[in-house]
Amino acid sequence: MQNLDEFTVTDETLRQMAGTANPRLKQIGEAAVKHMHAFAREVNLTPEEWLLGIQFLTEVGQKCSPLRQEFILLSDVLGLSAVVNALHDKKARELGSQSSLLGPFYREGVAVMPMGSQIVEQPTAEEIVVWGKVTDNDGAALANALIQIWQTSERGLYDLQERNGESMDMRGNFLTGQDGAYHFRSVRPLGYSIPMDGPVGEMVMMQHRHGMRPSHIHCLIGAEGYRELVTALYFGDDPNIDSDTVFGVSRSLVVEAREDPASPVPGLRSVHYDFRLAKAAAGDSGRVGADPTKMMKAAE
Ligand code: BEZ
Ligand code: FE
């Protein structure tokens, strides 16, 4: 007969789970149980607090929709996504450009645009150019690399927020030329608040955090045989550059828009960034997160 206490219940749980066939799933499940039990013991969790936690996670789930992924947001504000990204970068066989958060606003199915296109339908702020090369780790040009770009408008909103996803805007996909070069026009995106009208926002406010992300442009870059790179370029003069609510900024990803005679459109201020892709191991992907629309479909 079982006679379990707050310590031995951990061993018994692990014993019952021991038949998990997939070794990686077994490892993750066992570690999750050990850490959850240790956490409850450490804080001496009460039944009321346990229930509050369950209610919070229930609300997080209920807030998810085809246009909103509240669980990714929770992972982001708790720093978990940043930890996963950093671990992912360390696992690479060679160093590429650093990763950053995919965030909840990535969308698939954006059309490939001619090189140099303006990705904002109706720009109402100063136009800028973003340009550079995609190379391998030795600096050799990667032709035909797919660069997917998405960002907020000069008002700090994604198309999914301004027009409920009815049209694609502030997004563009580009294929690099033979020399690995790319360039596109945009406007400088405004830094913005993460979505605060849900349980995660409520938690962030209770923690007296500002909830802001510094101005950035998201980039997802893929080329055959290379690790897919999920990253973002951050404008260094944003007031929140040192206090990103979701911990996505790395020094190597900080840029400025400046006058540069070498830019392909010299009349406009430009951001110059060369992306380096690391060689892929089998089955490797740089992606952390996914298109929320696709995720909800998969869950149905
Ligand atoms: C974003 O950069 O799009 C983002 C990332 C995490 C939370 C909210 C937004
Ligand atoms: Fe973003």
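The values are calculated or read from the model by the stated rules, or taken from the named source; none is laboratory data. All of these numbers come straight from a predicted model, not from anything done at the bench. Positions of Cβ are backbone-derived with ideal geometry, glycine not excepted, and every protein chain shown enters the neighbour counts. Protein only, heavy atoms only, side chains kept; ligands, DNA and RNA dropped before computing areas. Shrake-Rupley method; radii C 1.70, N 1.55, O 1.52, S 1.80 Å.
Which chymotrypsin sites (Phe, Trp or Tyr not before Pro) in segment 1-85 sit in a loop by DSSP (not H, G, I, E or B) and have at most 16 other Cβ atoms within 10 Å of their own Cβ?
Within segment 1-85, the qualifying chymotrypsin sites (Phe, Trp or Tyr not before Pro) (loop, at most 16 other Cβ atoms within 10 Å) are F7.
Compute the separation of the alpha-carbon centres of segment 223-237 and segment 109-169 and state it in Å as a whole number.
Comparing the Cα centres of segment 223-237 and segment 109-169, I get a distance of 12 Å.
Across bins of 20 angstrom width beginning at 0, how are the C-alpha pair distances of the chain distributed, in whole percent?
Each 20 Å bin holds this share of Cα pairs: 29, 53, 16, 1, 0.
Before anything else, pin down the relative contact order of segment 33-150: Cα pairs under 8 Å, at least 6 apart, normalised by residue count, whole percent.
15 percent
Whole-Hz Karplus ³J(HN,Hα) for segment 17-34, in order, using 6.51 cos²θ - 1.76 cosθ + 1.60 and θ = phi - 60°, x for Gly and Pro?
8, 5, x, 3, 6, 6, x, 5, 5, 4, 4, 5, x, 5, 5, 4, 5, 4
Give a residue-ordered list of calculated ³J(HN,Hα) values for segment 123-132 (Karplus: 6.51 cos²θ - 1.76 cosθ + 1.60, θ = phi - 60°; whole Hz; x for Gly, Pro).
Result, ordered by residue: x, 10, 10, 3, 6, 10, 10, 10, 8, x Hz.
Rounded to whole Hz and in sequence order, give me ³J(HN,Hα) for segment 52-66 from the Karplus expression 6.51 cos²θ - 1.76 cosθ + 1.60, θ = phi - 60°, writing x for Gly and Pro.
Per-residue couplings from phi come out as 4, x, 4, 5, 4, 5, 4, 5, 4, x, 5, 7, 6, 8, x Hz.
Amide H of V255: which non-local residues (sequence gap of 5 or more, or other chain) have their own amide H closer than 5 Å, using H built in the peptide plane?
Correct list: Y234, F235, G236.
Run the helix sum for the chain: -39,500 (n - 2.57) per DSSP H stretch of 4+ residues, divided by residue count, reported at 222 nm to the nearest 500 deg cm²/dmol.
Rounded to the nearest 500, the figure is -8500 deg cm²/dmol.
With contacts defined as alpha carbon pairs under 8 Å and 6 or more residues apart, what's the relative contact order of the chain in percent?
Normalised by residue count, the contact order of the chain is 23 percent.
Might you report the magnitude of the Cβ-based charge dipole of the chain about its Cα centre, with Lys and Arg at +1 and Asp and Glu at -1, to the nearest 20 debye?
600 debye
Please give me, ordered by residue number, the GluC sites (Glu not before Pro) of segment 40-122 that lie in loop per DSSP and have at most 13 other Cβ atoms within 10 Å.
Loop-located and lightly packed - E94, E108, E121.
Would you mind checking which residues have amide H under 5 Å from R188's amide H? H placed 1.01 Å from N; only 5 or more apart, or other chain.
Amide H to amide H, under 5 Å and 5 or more residues apart or across chains, R188 pairs with I128.
How long are the semi-axes of the equivalent ellipsoid of segment 39-94, taking √(5λ) for every eigenvalue λ of the Cα gyration tensor, in whole Å from largest down?
Here the semi-axes work out to 28, 20, 6 Å.
Starting from the residue with the highest accessible area, list H210, H37 in decreasing order, probe 1.4 Å.
If we order H210, H37 from most to least accessible, we get H210, H37.
Quick one: helix 80-90 against the long Cα principal axis of the chain, what's the angle to the nearest 10°, folded into 0 to 90?
So the helix axis and the longest Cα principal axis differ by about 70 degrees.
With a 1.4 Å probe and all protein chains kept in place, how do L67, L101, L14 rank by accessible area, largest first?
L67, L14, L101
Given H placed on each backbone N at 1.01 Å, which residues far from S270 in sequence or on other chains put an amide H within less than 5 Å of it?
Result for S270 returns V129, R258, E259, D260.
In segment 156-215, what GluC sites (Glu not before Pro) fall in a loop by DSSP, with at most 11 other Cβ atoms inside 10 Å?
E166
In the structure displayed, which of K90/K133; K26/K91; K34/K279 lie more than 25 Å apart, Cα to Cα?
Check vs 25 Å cut-off fails for K34/K279.
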